[in-house]
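What follows is a set of notes on a single structure, which appears directly below.
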Amino acid sequence: MSRIEPREQIVAMSGYHSPQVDVPVRLNTNESPFAPPSGWVDSLAGIAASIDWNRYPDRSAAALRAEIASRHGLDPAQVLVGNGSNEVLQMILLAFGGAGRTVAMFEPTYQMYAQIARVTGASVVTGERRADFTLDPAEIERVMSRDKPAVTFLCNPNNPTGVVEPRSNLEALLQLAPGLVVVDEAYAEFSDWTAAPMVRDDLPLVVTRTFSKTLSLAALRVGYVLAPRRVVEALEVAALPYHLDSFKQAATLAALAHTDEMTARVAEIKAQRARISGGLAAAGCEVWPSGANFVLFRPGSAGAATVWQGLLDRGILVRDCSGWPGLAGCLRVTVGTDAENSAFLRAMAELSA
Ligand SMILES: *Cc1c(COP(=O)(O)O)cnc(C)c1O
């Protein structure tokens with residue numbers, strides 16, 4: 001054995017990368033196309049100046065937690081904030097996954113669930129979705145009874161399909177799952193329902209949210225979890241001490257004062273989403289209905305690889321999903337600004353001509 005030999009799970013994995021290519025029109029990672037409110041940006045220098053930089057941050061992020069909890073009608077002990085919701089997912093899997101445990105998800109879905117689960121040493125099991133990408137209650141039952149997962153992930157709306165799950169499927173999952181059910185609501189603001197109001201101490205339901213999408217703060221790296229107190233206590237054990245820096249705590253709290261301004265843009269994004277879906281269908285693509293800020297589509301005869309490259313040649317980057325389970329030939333485009341969407345649709349019309 002070489003003296004530099006990572007664990008076998010690490011060697012077996014290539015890591016999760018969405019290529020960061022420097023192009024004028026970036027529609028590949030579902031960020032908000034809009035800058036955060038200027039009032040918030042202007043407040044940052046004052047926030048930075050007010051930090052006791054030689055001191056460790058408030059370990060429990062009490063003020064931020066209390067504010068998030070009150071917005072959801074929960075107790076601060078039912079909230080934990082992390083460096084992006086990916087860190088929250090990692091804390092969940094450190095505390096509830098790990099060696100000897102099984103983690104379930106229904107493909108195609110967000111790839112980080114399997115990736116982080118494997119890094120913690122858990123085994124990953126997958127169920128399939130129906131042709132319309134919703135869950136099949138019989139498949140939920142099959143996976144839950146066969147694999148007895150300690151953690152089951154449901155991404156709603158689902159990335160990369162955009163599909164909004166019927167509420168009855170979450171209810172079925174909560175009935176049948178022998179362990180935790182984690183609903184990842186990274187795109188909740190674009191959807192017509194949320195599981196957040198269902199969170200309570202005697203239900204094994206965990207809901208995760210992020211500031212990276214609707215709230216225009218992907219660069220800040222903040223996300224949080226709503227969960228039963230016992231779950232949050234376990235996550236606190238898995239979290240590193242002082243994991244949330246002082247500046248981030250204060251800047252996030254300040255951002256929450258601007259939520260209305262940011263969520264007001266959701267209507268604009270939804271209108272642009274409808275325009276993109278219509279334009280793609282007109283260009284001969286297969287298009288799936290989306291409850292998020294992106295659209296999954298399958299280009300016609302030109303094929304995904306040619307269209308992806310053709311877009312890149314025109315300075316437009318979209319996500320190639322063709323290698324994901326069940327998504328042969330599919331690409332995913334994030335809703336951008338009006339001008340970016342126009343550039344994208346023009347390019348698609350050219351590439352399909
Ligand atoms: C973008 C995204 C996240 C967000 O991750 P952050 O770490 O909060 O930026 C989480 N889940 C899904 C499904 C996503 O698409």
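The values are calculated or read from the model by the stated rules, or taken from the named source; none is laboratory data. This structure is a prediction, so every number in the text was calculated from the model and none was measured. With ideal geometry, Cβ positions are generated from the backbone for all residues, glycine too; neighbour counts draw on all protein chains shown.
A few comments on the model shown:
- Those residues of segment 17-65 which are of a type in the set (A, V, I, L, M), over 23 Å from the mean Cα position of the chain (by Cα) and not in a loop (DSSP other than H, G, I, E, B), in sequence order: Val41, Leu44, Ala45, Ile47, Ala48, Ala49, Ala62, Ala63
- Taking segment 252-278 as the range and being of a type in the set (S, T, N, Q) and within 16 Å of Thr337 (Cα to Cα) as the test, the residues that pass are Thr263, Gln272, Ser277.
- Members of segment 228-251 found to be more than 16 Å from the ligand (Cβ to nearest atom), in contact with a strand residue (DSSP E or B) (Cβ under 7 Å, 6 or more places away or on another chain) and aliphatic (A, V, I, L, M), listed by number: Val231, Val232
So that you can scan it fast, the table gives a plain yes or no per residue for (1) more than 20 Å from Val81 (Cα to Cα); (2) loosely packed, with under 14 Cβ neighbours inside 10 Å:
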{"position": "Leu220", "(1), (2)": "no, no"}
{"position": "Leu226", "(1), (2)": "no, no"}
{"position": "Glu236", "(1), (2)": "no, no"}
{"position": "Ala254", "(1), (2)": "no, no"}
{"position": "Glu261", "(1), (2)": "yes, no"}
{"position": "Ser277", "(1), (2)": "yes, no"}
{"position": "Ala281", "(1), (2)": "yes, yes"}
{"position": "Leu312", "(1), (2)": "yes, no"}
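- Test: Leu89 is part of a helix (DSSP H, G or I), out of contact with any strand residue (DSSP E or B) (no Cβ under 9 Å at 6 or more places or on another chain) and within 16 Å of the ligand (Cβ to nearest atom): no
- Under the condition of being away from the ligand (no atom under 15 Å from the Cβ) and hydroxyl-bearing (Ser, Thr, Tyr), the residues counted in segment 92-139 number 5.
- Any hit, segment 254-272, residues being within 13 Å of the ligand (Cβ to nearest atom) and either aliphatic (A, V, I, L, M) or not in a strand (DSSP E or B) (or both): no
- Qualifying residue in segment 314-335 (condition: modelled with pLDDT of 95 or more, in contact with a helix residue (DSSP H, G or I) (Cβ under 9 Å, 6 or more places away or on another chain), assigned to a helix (DSSP H, G or I) and farther than 27 Å from Arg129 by Cα): no
- Test: residue in segment 199-213 that is touching a Lys or Arg at 6+ places or on another chain (Cβ under 8 Å), modelled with pLDDT under 95 and more than 9 Å from the ligand (Cβ to nearest atom): no
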